[in-house]
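Below you'll find the structure, written out as C-alpha cells, and then a few comments.
The values are calculated or read from the model by the stated rules, or taken from the named source; none is laboratory data. Treat the numbers as computed from the prediction; the structure is a model and nothing was measured. Don't worry about glycine lacking a Cβ; one is built from the backbone with ideal geometry, like all the others, and counts go over all protein chains shown. For the accessible areas, the whole protein counts, side chains as well, though only heavy atoms, and no ligand, DNA or RNA atoms are used. Shrake-Rupley method; radii C 1.70, N 1.55, O 1.52, S 1.80 Å.
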Amino acid sequence: MLKSFSRSVHRTTWRFVRCAVVPLALVCQIAFAASSRGEDAAPTSSVTATAATAATKPAAKPAGIRNVIIMIGDGMGPQQVGMLTQYARHAPGSQVPHRKAAIERLLAEGTVAIVNNQPHGALVVDSAAAATQLATGELAGSEMIGANYRGERVENIVEAAHRVGKSAGLVTDTRITHATPAGFAAHQANRESENEIALDYLDNKVDVLMGGGIRNWVPEAVNDRNSPTYAALMQMTGGAYPATSRRRDNRNLLLEARGDYKLVFDRNALEKVTDGKVIGIFADSELNDALEDAATAANPQRTEPTHVEMVGKAIELLDKNPKGFFLMVEGGQIDWAGHNNDAGVLLHELLDFDAAVRLVYEWAKDRDDTLVIVTADHETGSFGFSYAGRPLPESTKLEGDLFAGVPFEPAFNYAPPELLDQIFAQKKSYFTMMAEFDALPPKEKTAERLMQIVNDSSAFKIALDDAVNVLARERNKNYVAGHPYMNTETVPKIDDFEPFYVYGENLRMNLLGRALADQQHVTWGAGTHSSTPVILGALGPDHAAKRFGGMLHSTDVGKRMIELITAEPAQAPATAVGASASR
C-alpha cells in the first residue's frame, strides 16, 4: 500500500451507541431548509417582505477590516473539539498550556455560531465543495472547486482580496493542491485535477503557498531517478526529500514560478525568507503526521517545518502589505485521522492545529484590524466517546451527607479521564503500522506479526483474533471498474454498514480502529463524513466578529468574509501589541 495513495484518500462503526452525534444531527435536519441556500434564501415572512418594500434607501455598506484569517480544522466536528478540550482540561498528563485549548479560549472570548455545510443537492459535503462555499459564498456541487452548483466559475476570497490590493496566502499540512486550499484559489470541475490546480495558483498569483505535494509541480521525467531531470530537481531542492511526479507532461511549474516567487523546500530556507512572494513545498505529498512531528520536534536536523512555523512565517510575510491580507490555514490531517478511525492520531492532530490557533490568537488578540475565524468544513468519522456496560467501576465512598452509608456506584462505565493519556501515548499512526506490515517479506505477513506491530505502538492491545479480522477479505460490493478508489475486486472485510467504508486497503485501519475502540470508549459511525453541523468562533472587532454568530450556512460565512475583506476598514490599521508572528 503506497503512502501517497493511502493518505491522499484519507487516513469506524455503527455497532456503537451514537449518542455523541444525534442531537446535532437533529439540529441539522431542523435547520436544513432555512440554511440550505445560505443568504440566497428567499424571504418567507410577510413582515420581512413589507419591511423590504418600505425601505427608501439602501442600507449603508458595512465597514471592512484589514486582515481576515480563517483556520479550518478539516473534519473537526463538535465531537472532535470536545476531545481536544477534554484532553486539555481533564487528562492527568495534559500537555496543553494552562490546561485550556486555544480554540476554547477563542470561543469563550469571541462570537460563536453553528454552521451547516450541505452542498447543493446533497446532505453530506466533501472538502472541495465545503471549501468552495467558504471561499466564495456560493452553493457548490460535490467535488467541484471554485464553481457554483451550476458549474460557473465564481470569484473566491483570494481573488477578492487581490482585487482591493491585499495579499493572500494558503497554508496546509496536506498537499497544497488538496481540496481545501484549492477551494480558496482555484477553479476546476473536480478536486482530483491537482496538476491544473497548481497552475491556477500561479495564474491567481497567490502570494504565499505552504504545504506539501511537489509531485503536482514537477515534470513526469522526475519519476526516473537516474534522469538528468531528477538530478536537477534534487539540486534545486537541496535534496530535502525524495520526489515523484503525478504530472503527465514535462512542465516544471517551479521553474515557471521562479521569476515571481522565492522557492523554499526545507525549514532552514523558510526561516531565512523575510519578504516577497513565497512557495514553500516541504514534502512529495503530505507533510508528516502529528505523531511523526512530535517524534522529531527536538531534532536539530529536522528539515520539515511545523504547522506553527509555517503559519508564523506566512503572517510575517503577508503582514508587510500595508493594505492587509487574507490567510487560510488548514489542519488537514484531522480529517485523515477521522477517515482512518485513528483516535490517537486524531488527538495529536487536534493538538497540532490548536498550537497554530494559539499562535494566531496571541498575534491577533490585541489588534483592532484583524478578524480570526476558527471553524471546520465538516465532521469526519461520526466520532465520539460513549459509556459502556463493561468493565463496571468499583464502588467508592463519598464524604457528602447524601452518601452517608450509601456507596457511589454508577450503573455503567462512563469513561475515566485517564483514557485520554493512554490515547495520547500512541506512538505510531495506524497508517504507519500498516505500512510497516506491508513492507515485511510475504512469509512474515501474519496475524501474529501484525499484532506485535500494533501492540508495540499502542497503550491499548489487540488480540490475535483482532489481527485475523483486520486481515480478512471479502468481495468488494462497491466495486466500479476504473474508479479512483473503489476499483479493487476484494477489500478488507467490514461486517456492518460497509457502503460507508469506501477507501480500499485503508479499511484495514478502520478495522484496527474498531478493535481498539472498546478499550478507548470511542465510537465511530463511518469511514466517511457526517452531516453534523460544525462550530465556528470569530474573534476581532465587534463590527466584524458579531456578523458570525447564530445559525449559519457555510455560504453565509463566505459572503461575510468577502464583504469584510473588500470594504473600507472602519479605522486606520492598528499596530500589533501582542506576540510577534514568528514566536
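List pairs: first residue in the range 139-153 and crowded, with 22+ Cβ neighbours inside 10 Å, second residue at pLDDT below 95 anywhere in the structure, Cβ distance under 7 angstrom, at least six positions apart or on different chains.
Final answer for the pair search is LEU139/ARG37; LEU139/GLY38.
Which count do you get for residues in the range 341-399 that are more than 30 Å from LEU511 (Cβ to Cβ), touching a Leu at 6+ places or on another chain (Cβ under 6 Å) and aliphatic (A, V, I, L, M)?
2
What pairs come out if I take residues in the range 188-201 that are farther than 19 Å from ASP126 by Cα and pair them with residues that are among the charged types (D, E, K, R) and assigned to a loop (DSSP other than H, G, I, E, B) whose C-beta lies under 6 Å away, six or more apart or interchain?
Pairs found: ASN195/ARG247.
Which residues, counting only those in the range 367-396, are within 27 Å of THR111 (Cα to Cα) and either outside any loop (DSSP other than H, G, I, E, B) or at pLDDT below 95 (or both)?
Residues satisfying the conditions are THR370, LEU371, VAL372, ILE373, VAL374, THR375, GLU379, THR380, GLY384, PHE385.
Considering the range 302-314 alone, what residues qualify as being closer than 21 Å to LEU233 by Cα and open to solvent by 10 Å² or more (accessible area, probe 1.4 Å)?
Across the range 302-314, the qualifying residues are ARG302, THR303, GLU304.
One residue is enough: does the range 184-196 have a residue meeting the conditions under 19 Å from GLY558 (Cα atoms) and aliphatic (A, V, I, L, M)?
yes
Here is a yes/no grid of residues against (1) open to solvent by 40 Å² or more (accessible area, probe 1.4 Å); (2) under 30 Å from GLN235 (Cβ atoms):
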| position | (1), (2) |
| --- | --- |
| LYS272 | yes, yes |
| ASP275 | yes, yes |
| ALA283 | no, yes |
| THR296 | yes, yes |
| GLU316 | yes, yes |
| PRO322 | yes, no |
| GLU330 | no, no |
| ILE334 | no, no |
| ASN341 | no, no |
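Conditions tested, residue by residue: (1) surrounded by fewer than 20 Cβ atoms within 10 Å (Cβ to Cβ); (2) among the hydroxyl-bearing types (Ser, Thr, Tyr).
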position	(1), (2)
VAL470	no, no
ASN476	yes, no
TYR503	no, yes
ASN506	no, no
SER531	no, yes
GLY537	no, no
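Could you tell me whether the range 479-493 includes any residue that is in the same structural domain as PHE437 (by the TED database), surrounded by fewer than 19 Cβ atoms within 10 Å (Cβ to Cβ) and under 21 Å from ILE334 (Cα atoms)?
yes
Could you check the range 235-253 and list, in sequence order, the residues that are of a type in the set (A, V, I, L, M, F, W, C) and touching a Phe, Trp or Tyr at 6+ places or on another chain (Cβ under 6 Å)?
ALA240, LEU253
Take VAL112 and decide whether it is open to solvent by 10 Å² or more (accessible area, probe 1.4 Å), β-branched (Val, Ile, Thr) and over 16 Å from ALA355 (Cα atoms).
yes
Please list, ordered by residue number, the helices (runs of 4 or more DSSP H) wholly in the range 89-202 having 1 or more residues that are more than 24 Å from LEU351 (Cα to Cα).
127-136, 157-163, 179-183
Scan the range 388-425 residue by residue and report those that are loosely packed, with under 10 Cβ neighbours inside 10 Å and under 40 Å from the mean Cα position of the chain (by Cα).
Passing the criteria: GLY389, ARG390, PRO391, GLU394, ALA411.
Given the structure, is ALA101 under 27 Å from GLY169 (Cα atoms) and out of contact with any strand residue (DSSP E or B) (no Cβ under 6 Å at 6 or more places or on another chain)?
yes
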